[in-house]
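Below: one structure, written as structure tokens.
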Amino acid sequence: MKSALITMSAIAALSACSVAETVALDTGRDAAKAVVGPIVQDTVPGPAATVLTDCIIDNASGEELFALAAQGATPDNITLVSNILARSETIACATSGLT
């Protein structure tokens, strides 16, 4: 009985961590998107900017999302956005989204 309670407690704790991690990642993605959108729109106006922004956010690592969200539109982050956009996965996403 005691081991069952410990196991159930551990599962509940892990589930809570997973939910908290998902919420934090979603919040970070939203904050990063608020920074990336205007950076992209400076170069590519209109609906294409939305597609490119989504592809950049989808292909950024957690650390990159955090940097974008925390630092805003700094020269380093503008370079980071360009680097993420140049990745083959981002290019494939953009090609698919824009055709």
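The values are calculated or read from the model by the stated rules, or taken from the named source; none is laboratory data. Just so we're clear, the structure is a prediction, and the values are computed from it rather than from any experiment. Note: ideal-geometry Cβ built from the backbone for every residue, glycine included; neighbour counts use all protein chains shown.
Numbers for the structure displayed
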{"read-out": "Qualifying positions in region 39-62 - acidic (Asp, Glu), free of Cβ contacts under 8 Å to residues at least 40 places away in the same chain and closer than 17 Å to Thr90 by Cα", "value": "Asp58"}
{"read-out": "Matching entry among Ala92, Ala49 (being in a helix (DSSP H, G or I), modelled with pLDDT of 95 or more and exposed (fewer than 13 other Cβ atoms within 10 Å of the Cβ))", "value": "Ala92"}
